[in-house]
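Below is one structure, written out as structure tokens; comments come after it.
The values are calculated or read from the model by the stated rules, or taken from the named source; none is laboratory data. Only a predicted model underlies this, so the values are computations on that prediction, with no experimental measurement involved. Please note: Cβ atoms are built from the backbone with ideal geometry, for glycine as well, and neighbour counts cover all protein chains shown.
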Amino acid sequence: MTRVAMVMAGGRHGGAETFFVRLSAALAAAGEELLALIRHDEAREAALAAANVAVRGFSFGGPLDLLTRPRLGAALRRFGPRVVVAWMNRAAAKTPSGPWVQVGRLGGYYDLRYYRRCHHLVGNTEGIVRWIIAEGWPAERVHHLPNFTPDLSGAEPVSRASLGVPEGVPLLLAMGRLHRNKGFDTLIEALPAVAEAHLVIAGEGPERAALAAHAARLGIAARTHLVGWRDDQAALLAAADLFVCPSRHEPLGNVVLEAWSAARPVVAAAAQGPSELIEHGRTGVLVPPDDPAALAAAISGLLAEPARAAALAASGRVTWAERYAAGPVVARWRDFLGSVNA
């Protein structure tokens, strides 16, 4: 058993925030003694407490916040962790040094100046690890620990009527924060060339109004459904014929792992993460980013060849089970936390 503090200053929604809760709960269930130190968020604090993870909330404000660091330090000294894992820039910047091994966990290509107090860095993709080493970090202090997703297979499909999608038409699903990086505008531009298909985008963010307006300009508002942030990913995936990840920038692609776990065929833009995850033609189909015509052709091709789509889905499911299910990933994290030294 290792005493571990996890520090997260993230926002209300996001892939890193979701995985933070998921990993903390899994490590606690596996027997690690865990304390989560997070930005105040009632829902996240409740989720962690329900998973028997001790949790403390802090403000994690900007440069004028002079209280979080000393309060964080006091909480860490009371807990006495062997390892402290700081997730992303703000948590790394606010976490003070102490008699513990300090680890920075990166899910993207972040400014490494925030991690100057860290002894080790963890990247959740091999590409991020290579980049950190190229930036000058010693290779022996940089580690690849991937994300895992729960098994989302076997769920009861959400009713199409609740989504506004008629029966008997292809249902395309995309999930993620409504941000320009996610490329949902490209997917909407592709939709007119995909006969009869309806698109469901589950997520929330600053691009919502622009995406709705874009669909209206293209005359496909009736086939485009922005259903907001959802917690029923398994049910959504069960209802989908095809999962699409059109991101311009995607360091990992948790949504690809979720689609694999649910045995759904995947079409993705070849951003950093999906390109690392997907073996083109075996576990999914990759297309150039920002290319609506290529995206439409790939989607239409799979919808026209259900046997090929099923084979891709089956191969993706096998890859998920071997590399990205909870068992193998949590085991790797536990080995790392138990053996890492300053």
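Conditions first: (1) in contact with a helix residue (DSSP H, G or I) (Cβ under 8 Å, 6 or more places away or on another chain); (2) of a type outside the set (D, E, K, R); (3) assigned to a strand (DSSP E or B). A93 passes all but one, so which condition is the exception?
(3)
Here is a list: R69, R12. Which entry is closer than 30 Å to G228 by Cα, surrounded by fewer than 20 Cβ atoms within 10 Å (Cβ to Cβ), touching a helix residue (DSSP H, G or I) at 6+ places or on another chain (Cβ under 9 Å) and basic (K, R)? Working first, answer last.
Details: R69 fails: closer than 30 Å to G228 by Cα.
Answer to the check: R12.
Can you spot a residue in the stretch 237-256 that is among the β-branched types (V, I, T) and either surrounded by fewer than 21 Cβ atoms within 10 Å (Cβ to Cβ) or within 18 Å of S300 (Cβ to Cβ) (or both)?
yes
Pairs, please: C-beta under 9 Å, at least 6 apart or cross-chain, first residue assigned to a helix (DSSP H, G or I) and in the stretch 158-184, second polar (S, T, N, Q)?
Taking only residues 6 or more apart or on different chains, the pairs are N181/S247; K182/S247; F184/S247.
Let's see how each residue does on (1) in the same structural domain as S275 (by TED's automatic domain parsing); (2) more than 26 Å from A313 (Cβ to Cβ); (3) touching an Asp or Glu at 6+ places or on another chain (Cβ under 9 Å); (4) in a loop (DSSP other than H, G, I, E, B):
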{"site": "R77", "(1), (2), (3), (4)": "no, yes, no, no"}
{"site": "P81", "(1), (2), (3), (4)": "no, yes, yes, yes"}
{"site": "S97", "(1), (2), (3), (4)": "no, yes, no, yes"}
{"site": "V103", "(1), (2), (3), (4)": "no, yes, no, no"}
{"site": "Y114", "(1), (2), (3), (4)": "no, yes, no, no"}
{"site": "C118", "(1), (2), (3), (4)": "no, yes, no, yes"}
{"site": "V122", "(1), (2), (3), (4)": "no, yes, no, no"}
{"site": "I132", "(1), (2), (3), (4)": "no, yes, no, no"}
{"site": "S153", "(1), (2), (3), (4)": "no, no, no, yes"}
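Conditions: (1) surrounded by fewer than 19 Cβ atoms within 10 Å (Cβ to Cβ); (2) within 21 Å of the chain's Cα centre (by Cα); (3) not hydrophobic (A, V, I, L, M, F, W, C). S159 meets all but one. Number of the miss?
(2)
Would you check which residues across the stretch 247-284 are in a loop (DSSP other than H, G, I, E, B) and more than 20 Å from R308 (Cβ to Cβ) and list them?
Those that are in a loop (DSSP other than H, G, I, E, B) and more than 20 Å from R308 (Cβ to Cβ): S247, R248, H249, E250, P251, L252, G253, A271.
Can you tell me which residues in the stretch 28-43 are under 15 Å from R90 (Cβ atoms) and of a type in the set (D, E, K, R)?
Within the stretch 28-43, R39, D41 qualify.
Kindly evaluate A296 against the criterion of being crowded, with 18+ Cβ neighbours inside 10 Å, in a helix (DSSP H, G or I), in contact (Cβ under 8 Å) with a residue 40 or more places away in the chain and not aromatic (F, W, Y). Don't jump to the end; show me each part of the working.
On the way: crowded, with 18+ Cβ neighbours inside 10 Å: yes; in a helix (DSSP H, G or I): yes; in contact (Cβ under 8 Å) with a residue 40 or more places away in the chain: yes; not aromatic (F, W, Y): yes.
Yes: the conditions hold for A296.
Report whether or not A222 is farther than 23 Å from A263 by Cα, in the same structural domain as G316 (by TED's automatic domain parsing) and without any contact (Cβ under 8 Å) to a residue 40 or more places away in the chain.
The answer is yes for A222.
Any idea which of H119, H214 is modelled with pLDDT of 95 or more, under 24 Å from G10 (Cα atoms) and surrounded by 15 or more Cβ atoms within 10 Å (Cβ to Cβ)?
Of H119, H214, the one residue that is modelled with pLDDT of 95 or more, under 24 Å from G10 (Cα atoms) and surrounded by 15 or more Cβ atoms within 10 Å (Cβ to Cβ) is H119.
What's the number of the condition A29 fails, among (1) in contact with a strand residue (DSSP E or B) (Cβ under 6 Å, 6 or more places away or on another chain); (2) at pLDDT 95 or above; (3) not hydroxyl-bearing (S, T, Y)?
(1)
Could you tell me whether any residue of the stretch 41-64 is farther than 30 Å from D231 by Cα, surrounded by fewer than 19 Cβ atoms within 10 Å (Cβ to Cβ) and within 22 Å of the chain's Cα centre (by Cα)?
Going through the stretch 41-64, the residues farther than 30 Å from D231 by Cα turn out to be 63-64.
Now drop any that are not surrounded by fewer than 19 Cβ atoms within 10 Å (Cβ to Cβ), which leaves 63-64.
Still in the list and also within 22 Å of the chain's Cα centre (by Cα): none.
Checked the stretch 41-64: no residue is farther than 30 Å from D231 by Cα, surrounded by fewer than 19 Cβ atoms within 10 Å (Cβ to Cβ) and within 22 Å of the chain's Cα centre (by Cα).
Assuming A86 fulfils every condition listed in (1) in contact with a Gly (Cβ under 8 Å, 6 or more places away or on another chain); (2) in a helix (DSSP H, G or I) apart from one, which condition is it?
(2) is the only condition that A86 fails.
Let me confirm something: among A49, A25, which residue is closer than 24 Å to G108 by Cβ and assigned to a helix (DSSP H, G or I)?
A25
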